[in-house]
1. For Leu29, only one of the following conditions fails: (1) among the aliphatic types (A, V, I, L, M); (2) part of a helix (DSSP H, G or I); (3) within 27 Å of Leu320 (Cβ to Cβ). What is its number?
2. What strands (runs of 3 or more DSSP E) lie completely within region 96-166 and have 3 or more residues being closer than 22 Å to Gly307 by Cβ?
3. Given the structure, is Val180 buried (at least 16 other Cβ atoms within 10 Å of the Cβ), under 23 Å from the mean Cα position of the chain (by Cα), modelled with pLDDT of 95 or more and more than 11 Å from the ligand (Cβ to nearest atom)?
4. Within region 32-83, count every residue that is of a type in the set (Ser, Thr, Tyr), more than 9 Å from the ligand (Cβ to nearest atom) and not in a loop (DSSP other than H, G, I, E, B).
5. Test Ala219 against the stated conditions and say whether it is surrounded by 24 or more Cβ atoms within 10 Å (Cβ to Cβ), within 12 Å of the ligand (Cβ to nearest atom) and closer than 28 Å to Glu300 by Cα.
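The values are calculated or read from the model by the stated rules, or taken from the named source; none is laboratory data. Just so we're clear, the structure is a prediction, and the values are computed from it rather than from any experiment. All Cβ positions, even for glycine, are placed from backbone atoms using ideal geometry, and neighbour counts span all protein chains on display.
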Amino acid sequence: MDFDLIVVGGGIVGAAAAYRAGQLGARTLLCDRRDAGRATDAGAGILAPESSTRDGRLWYDFALDAVGYYSALIEDLAADCVPGEELSQAYGLCAKMIVALNDVEAASLAEIERTVYTRQEERRPPPEESVQRISPNEARNAYYPLLADASAVLLQPAARRVDGRLMTAALERGLRARRVETSEVDASALLLEDGRVRGVRSSCGDEYTSEAVLIAGGAWSTDFGAQLDVEIPVAPQRGQIIHLQLPGQDTGAWSIVMGFSDHYQVPWPGGRVAVGATRETGSGYAAYATVSGVGEVLREALRLAPGLRDAAIDDIRVGLRPYTSDHLPLLGAVPGVNGVFLATGHGPTGLTLGPFSAKLVVEQALGLTPAWDLTPFSVSRFLR
Ligand SMILES: Cc1cc2nc3c(=O)[nH]c(=O)nc-3n(C[C@H](O)[C@H](O)[C@H](O)COP(=O)(O)OP(=O)(O)OC[C@H]3O[C@@H](n4cnc5c(N)ncnc54)[C@H](O)[C@@H]3O)c2cc1C
């Protein structure tokens, strides 16, 4: 069968891309070989760009729109018969606190607060105030009973969390409703002819034809660079994250906690708290937990919340983030080859950006005009 679009990779980006294509009525095939280390399965799930100040203005504006898109996506999935209970387990509101434990961190917190307000004021129309100071006592009593003694706390009451595994499972249900074909095939090569794509070939030699192929292969997307004669500058960045169990605790009502060393805690209903994570640039494709990684995550978790000391270790997850050196994703048409598109390179914020990126790139691939100009995200920025 001829497809209008083939999507390679079925993490959150590929699954959202295939779903969008199905919504648009395109005959779509999603190929996913489910590598160990799939980032979506390990992601912590913090969606809070309003108080994330590390990345630049382009990232911030894009991320606000991306988080905004989640509500529409959830509504669409509900309309496609994904049960509300599954959607509310996958995605929802959850406060976030940034917690300073000493004077040095408190000074950094003040800096973050200033940046948040400046960005808010510059945005047109300005959004509602997203953060506020609360006392360390209030932080512990109302938001996170296990918190360490803090010097200063900034609260973002309306942050969100998403469970990457459950969200992708919801999208897969949506794919069935939209009659999108899925296959666990390894799409190992592109079929190329006269400067344009004709489909993909699997490692077993099967061929699937399409005039458009979207590469959403996460950290493995680089594999197609040689065939396309374009370096796809994505590198695996290992992240180790540990899921803890606190039987009898009402963790569903707790807030996300961020510290100052890439470490955080994300509570979920049912006594579960995920603590993470390492950011191991240069890890290669070694998708396993290490002694030093687990040690680092547990040490930082106890620094932020000593009350976790007796929690049970339930699961250790390892994901390979598709990392780019400028912290922006790679989106849109690949120059020099007609019909090949990228949606990858989302690094540590792919659960935030991924579904929206996927939607925009699919719209471009199917000849529509996406709501964002994708030029700043083109792989061409690395070719100059
Ligand atoms: C520990 C950790 C914490 C994180 N926390 C957050 C967070 O709080 N907030 C946030 O926004 N983001 C977070 N992220 C980042 C986010 O998880 C990733 O950016 C995102 O999941 C990437 O999704 P993806 O679909 O691009 O890639 P992946 O989820 O890695 O999926 C890629 C898929 O493509 C498949 N594939 C590749 N090549 C082929 C091929 N040739 N044929 C068939 N299939 C192929 C792979 O097998 C894989 O299944 C975190 C990541 C980690 C690891």
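1. Here Leu29 meets the rest and fails (2).
2. 96-100, 152-156
3. It is true that Val180 is buried (at least 16 other Cβ atoms within 10 Å of the Cβ), under 23 Å from the mean Cα position of the chain (by Cα), modelled with pLDDT of 95 or more and more than 11 Å from the ligand (Cβ to nearest atom).
4. 5
5. Criteria met by Ala219.
To keep it simple, each residue is scored yes or no on (1) surrounded by 17 or more Cβ atoms within 10 Å (Cβ to Cβ); (2) assigned by TED's automatic domain parsing to the domain that holds Asn141; (3) within 30 Å of Gly25 (Cβ to Cβ).
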| residue | (1), (2), (3) |
| --- | --- |
| Trp268 | yes, yes, no |
| Thr278 | yes, yes, no |
| Ser283 | yes, yes, no |
| Gly295 | no, yes, no |
| Ala301 | yes, yes, no |
| Arg317 | yes, yes, no |
| Asn338 | no, no, yes |
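Residue-wise test of (1) under 27 Å from Ala187 (Cβ atoms); (2) under 14 Å from the mean Cα position of the chain (by Cα); (3) at pLDDT 95 or above.
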{"position": "Gly10", "(1), (2), (3)": "yes, yes, yes"}
{"position": "Gly14", "(1), (2), (3)": "yes, yes, yes"}
{"position": "Leu47", "(1), (2), (3)": "no, yes, yes"}
{"position": "Ser51", "(1), (2), (3)": "no, no, no"}
{"position": "Ser71", "(1), (2), (3)": "no, no, yes"}
{"position": "Cys94", "(1), (2), (3)": "no, no, yes"}
